[in-house]
Every structure is written in structure tokens, then in C-alpha cells.
1. For segment 171-207, which positions are more than 28 Å from Phe66 (Cα to Cα) and surrounded by fewer than 13 Cβ atoms within 10 Å (Cβ to Cβ)?
2. Assigned to a helix (DSSP H, G or I) and either closer than 20 Å to Gln217 by Cα or not assigned by TED's automatic domain parsing to the domain that holds Gln213 (or both): is that true of Leu103 in this structure?
3. Confirm whether Ala123 is assigned to a helix (DSSP H, G or I), under 21 Å from Leu12 (Cα atoms) and in contact with a Phe, Trp or Tyr (Cβ under 6 Å, 6 or more places away or on another chain).
4. For residues that are within 16 Å of Thr16 (Cβ to Cβ) and hydrophobic (A, V, I, L, M, F, W, C), tally how many sit in segment 36-92.
5. Find all pairs meeting these conditions: Cβ atoms under 9 angstrom apart; at least six residues apart or on different chains; first residue within segment 72-94 and farther than 19 Å from Tyr105 by Cβ; second residue assigned to a loop (DSSP other than H, G, I, E, B).
6. If a residue counts only when it is under 22 Å from the mean Cα position of the chain (by Cα) and more than 19 Å from Arg177 (Cβ to Cβ), which strands (runs of 3 or more DSSP E) contained entirely in segment 1-95 have at least 2 such residues?
7. Examine segment 182-198 for a residue that is touching a His at 6+ places or on another chain (Cβ under 8 Å) and not polar (S, T, N, Q), and state whether such a residue exists.
8. Return yes when Ser47 is farther than 18 Å from Ala117 by Cα and either aromatic (Phe, Trp, Tyr) or surrounded by fewer than 21 Cβ atoms within 10 Å (Cβ to Cβ) (or both) and no when it is not.
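The values are calculated or read from the model by the stated rules, or taken from the named source; none is laboratory data. This one's a predicted model, so the numbers in the text were calculated from it and none came from an experiment. Ideal geometry is used to build each Cβ from the backbone, glycine not excepted, and the neighbour counts take in all protein chains shown.
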Amino acid sequence: MSEAPPINRKQLHPGTRIAVAVSGGADSVALLRKLVKDAPEIGLVLSVAHVHHGIRGSEADADAEFVSSLAAVHGLRFYRHDVDTPAAARDNRETIEEAARNLRYAWFRELLEQGNADAVATAHTLDDQAETVLHKLLRGAWTQGLGGIHPTIQCVRGVIVRPFLGARRAEIEAWLREIGQEWREDATNADTTFTRNRLRHELLPALAQYNPQIHSQLANMATLARDEEAYWQAELGRILPGLLLPGKPVRGGGRATSTHPDEASLAFEIARLPQSAAVRRRVLRAAARQLGTALNFDQTEKLMGVLVPGGPRRQQLTAELFAERSPRELRLVKRNQTLGERS
């Protein structure tokens with residue numbers, strides 16, 4: 001007999017009003033059934049939230065009806081939100097996947113801010129985590145990106161939780177079959193024109209031939225990366241303020257910052273920069289972020305190269321950000337392109 005998939009009970013507190021995000025697929029249906037089963041013991045107050053993305057036509061209509069009926073069977077309040085995902089993708093120059101996710105989470109936050117729930121629970125699984133980490137790795141993510149799907153997202157009001165993040169998709173589906181619970185299949189999940197589906201159906205099965213535990217290993221990597229990133233963020237918060245210098249030095253002492261709205265800069269005293277490459281790299285990237293620029297690996301290495309004796313004294317890092325070195329200081333300057341064209 002198949003056991004119920006595990007949930008993270010540390011995220012669930014007595015008296016919490018939880019809106020369970022249910023698409024109609026196996027993972028979200030199983031999360032709802034598991035929370036309905038455990039709610040009396042934990043002391044949860046449940047409702048159901050469903051987003052109709054305005055794609056897949058009658059299939060999406062049927063998904064919404066299925067989820068509505070499922071909520072009614074268990075006597076739960078049902079929230080439905082209709083959006084035009086294709087229009088949002090066009091307007092914001094996003095992929096359909098990106099637009100759908102952004103619309104979905106914007107509504108989850110609305111539910112929380114309006115006081116309809118204290119938490120929203122999504123049904124991300126260990127398989128989803130592995131796919132996300134692999135996708136981020138292939139795109140060249142840093143430690144922050146390799147943290148993958150976070151178990152908890154704090155919002156302005158309330159929280160988004162992922163109680164199923166330790167469960168495998170196969171055990172979820174086996175349990176649903178065991179209890180006789182149907183679910184809806186989204187045909188687009190098999191469409192390998194989507195990158196995530198290619199990872200799910202092609203790349204991860206191939207990697208599993210080399211390491212059958214690849215999903216768990218990638219999920220473990222996410223946990224390590226999140227813990228590492230949390231440490232470094234705290235460390236940067238401690239050391240960065242003491243290293244940053246505003247603007248540039250002026251004759252007679254003191255420093256001057258640009259008053260032009262399209263220019264911003266900051267600097268470091270080179271002698272005070274950490275010698276460790278690991279710490280220095282993070283300090284420099286954090287400084288660039290304060291100027292509104294996220295540096296990739298190659299851009300960061302260019303910036304590191306400015307500090308090497310005999311290296312270039314000036315380096316263009318992005319279209320708007322450049323670095324310049326004096327005998328004592330490294331300075332980062334960001335100018336928007338219109339300012340560069342006028343000067």
C-alpha cells in the first residue's frame with residue numbers, strides 16, 4: 001500500500017488559514033488531499049485557489065470546473081482568478097511560462113494582502129526542485145540561483161509555503177491512485193518545445209543513467225546553496241558598509257558625488273579590499289548591485305582584473321557600467337546610455 005507523500009509540517013501552524021493553490025494536476029490535487037487529511041490534527045483552516053490562465057481553451061475551463069468541484073466536495077471556499085497570459089507575455093516581453101508564473105504569484109500576494117489567507121501553499125515537489133536547479137545551472141547561475149525553489153517566501157503580508165518540496169512526483173501519483181483520487185493532465189507538460197519539459201523528459205532521465213539519485217543530489221545542492229547564500233548575505237551586510245566610499249575624492253579632501261540624475265558611482269580603497277578572491281568577488285558584485293547592475297561571471301572577472309597589478313586601468317563592464325582604477329582607489333561608475341550619447 002502506498003503511503004501518503006511527506007509534507008513539511010514545520011511550515012504549518014495551528015490556526016493558520018491556508019489557501020491551497022490547485023491547478024488540477026496530480027501534485028496540487030495531492031497536496032490538497034493531504035492537507036485536508038491532516039488539517040484537523042494540525043488545526044488548519046483551508047481554502048482552494050485556482051488561476052485560469054486564459055490558455056488551452058476548453059481544457060482550462062474543464063480544469064477550473066474540476067478544481068471547483070473538488071473544493072465543494074471537501075466543503076472548502078473556492079477562489080478563482082482569470083488572467084490573460086498571452087496578452088501579459090506580449091506586453092511584458094516574457095515567455096508564456098514567465099508571464100503565467102508572474103500573474104499567478106501576483107494574485108497569491110493579493111490573496112494574502114486582502115486578508116483572505118495567512119498563507120498560500122503551492123505543490124512544488126523534489127522533482128520540480130531538481131529541474132529548477134539544473135535549469136539554473138545550465139544558464140550559468142551563481143549560488144543565489146542554485147538555491148532553486150525556496151521552501152518559504154515571506155510576503156508583505158503572509159507567506160507562501162511549499163510543504164511538498166521533499167516529495168517525489170512518482171510517490172504522489174502512486175498515492176492518488178491508491179486512494180482513488182483523479183487528477184487532470186495538462187497536455188502542455190509533454191510539449192518538449194518548453195525548456196523545462198525537455199529537462200524533465202530528456203535530460204534528467206539521461207543523467208539518471210549516470211546517477212540514479214540525481215534528483216535528490218540536485219535538491220541537496222539547492223539546500224546547500226541557500227544556506228551558503230544566507231551566510232554570505234549576512235557577511236556582506238556586515239563588511240560592505242565599511243568598505244564603500246561614495247563618489248570620488250576631490251582636491252583639498254572630502255569626496256564629491258555626481259548630482260546628475262543619470263549618473264551614480266561608488267568606490268573602494270584598494271588596500272582595504274579583502275585579499276580572498278571569494279570574498280572580493282562577492283564584495284564587487286554586491287557593489288555593482290547597489291548601482292542597479294547584476295554582473296555575470298565574465299563581467300565580474302573583468303572587474304577583478306582591474307585590480308591586478310599591470311592590468312587595465314579602465315574597463316567597460318556593461319553598456320552602462322565601467323570601472324576605473326587610480327593608485328589608491330577602484331571606482332565604479334554607472335551612466336545611462338542617453339547621458340553617454342550627450343557627453
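1. Matches in segment 171-207: Glu202, Pro205, Ala206.
2. Working: assigned to a helix (DSSP H, G or I): yes; either closer than 20 Å to Gln217 by Cα or not assigned by TED's automatic domain parsing to the domain that holds Gln213 (or both): no.
Taking the combined requirement at face value, the residue does not satisfy it.
3. Values: assigned to a helix (DSSP H, G or I): no; under 21 Å from Leu12 (Cα atoms): yes; in contact with a Phe, Trp or Tyr (Cβ under 6 Å, 6 or more places away or on another chain): yes.
Criteria not met by Ala123.
4. The total comes to 9.
5. Arg77/Asn116
6. Working: elements: 17-21, 45-52, 77-82.
Counting at least 2 such residues, we get 17-21, 45-52.
7. Our first condition is that a residue be touching a His at 6+ places or on another chain (Cβ under 8 Å); within segment 182-198, this holds for 190, 192, 195-196.
Filter once more, keeping what is not polar (S, T, N, Q): 190, 196.
Among the residues of segment 182-198, at least one is touching a His at 6+ places or on another chain (Cβ under 8 Å) and not polar (S, T, N, Q), which makes the answer yes.
8. Considered against the rule, which asks whether it is farther than 18 Å from Ala117 by Cα and either aromatic (Phe, Trp, Tyr) or surrounded by fewer than 21 Cβ atoms within 10 Å (Cβ to Cβ) (or both), Ser47 comes out as no.
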